[in-house]
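What follows draws every value from the coordinates through simple rules; no lab data is involved. Because the structure is a prediction, the values reported are computed rather than measured. As a convention, Cβ positions derive from the backbone with ideal geometry for all residues, glycine included, and neighbour counts pool all protein chains shown.
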Amino acid sequence: MISECFNTNEVLEAILASIDEGIHVIDMKGQTIFYNEVAANHDGMKVVEVLGKPLLEAFPSLTHKSSTLLRVIHSEKPIYHHKQSYVNAHGRIIETFNTTLPIYVDGSIMGAIEIAKDYSSLKQLSERLADLESSLKPTTGKDKKVATNGTLYTFADILTEDASFKGLIAQGKKAARSSSSVLVHGESGVGKELFIQSIHQNSNRRDEPFIAQNCAALPENLLDSLLFGTSKGSYTGAVERQGLFELANGGTLFLDELQSMPIDLQAKLLRVLEDGFVRRIGGAKSIQVDVRIMTAMNINPKTAVAEKKLRDDLFYRLHVLSYELPPLRSRPDDILLLINHFVLHFNQKLNRSISGIDEETKAILHTYQWPGNVRELKHTVEFMMIHTEKEVLTKDDLPPFLKQGKGPERTILPLREAMKKMETKLISEALLQTDGNVFQASKLLNIPRQTLQYKIKKHI
């Protein structure tokens, strides 16, 4: 039993120390009783400089009002997703994104715990991104160029033999004639961004910027400043900086996973759609922009509205030009077409000379449901071509999750082993669908990222 080897405090401290987010705990006197290495790295401090000391002594720039930990001790109410700026004991400006919770024991508050993300590095990342977007913005005059970060695809790159999908492409070409907002939805991997880029490339904005931003990739405060820009002094360390709306002026701003955008930001987006003006955070003046907004969602918009993930007024504003892209399993004639295309593509990319796939393997690929859609099919072909030494791909080259058993001859595995094989299969499939992105795969599997990382080390 655990109690034979460790006491409860040792186990708890080991768990907290292993978490890859900053953890800071204080008691009712405001003294730090737990402080992990991640928090120390965020704060630019050493653990020994904070642990066991009063909070305001370790961080003299904080006060009872500005410290989220002390505010929670006083109010006994949690504070969620709050950006905090302060100067550490070494004079360095620190910005973190915190969730702070009261700690109760037997119904009485005993202290507070704070889980912090390093907002400083996130902000620096966003600023580098904004600088990159600015450098890629097309120049004017004779040297005008298409933004190299944008329109990589046209409608000619969408391969299909499906009549309904061809109809959608025809509608998309008509949508390119206007500047109305566009909403595209469909499962992950169906090609939403490819479809949206094609509309931009077919429009009269084709020589102007195409800037894409995933709304699920950043916390609210950071996404807000990235989209709308900042004015000097709006918060500690803020400088005059254009947001993506300004950088996309004249062109297209593509907002992916719109349902992940916080509701308050959706209201600001709606105002931009209505009047065409943006205001930088902390700024006093409104700036007029000419930006076409295109959005994408991997869930049905009506479901997002019902679940309060999408404002209904924003939905109706975007629904003028709305397209649902079909999953790959609903257009089976495209599977072999895409397989042949990807074989040619990876022959060139991998310097291979594979002639194709045998009939048995084609049948397996044709009957598979492809929950990850075209993206999953592409990665499957890439996997097969990397791992084979043959000139024709066979079922032996399939990824583990696609290899089939032998039917009645197959023996029944012990339950523990069968569950391990199934878990490994699902994890491999999720990683394949998400391009190896552990965070996205954990969302797909609906488990914590740390749990998935542990299982990857254990099983794969």
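For the set LYS362/LYS403; LYS403/LYS425; LYS378/LYS425; LYS349/LYS378; LYS77/LYS309; LYS83/LYS117, the pairs lying more than 20 angstrom apart at their alpha carbons are LYS77/LYS309. Ordering 176-183, 250-257 by mean Cβ neighbour count within 10 Å, with the highest value first, yields 250-257, 176-183. In terms of overall dimensions, the C-alpha atoms belonging to segment 137-326 reach 55, 49, 26 Å along their principal axes, ordered largest to smallest. Local charge for VAL105 was computed over the other residues whose Cβ lies under 15 Å away, with Lys and Arg +1 and Asp and Glu -1, and equals -3.
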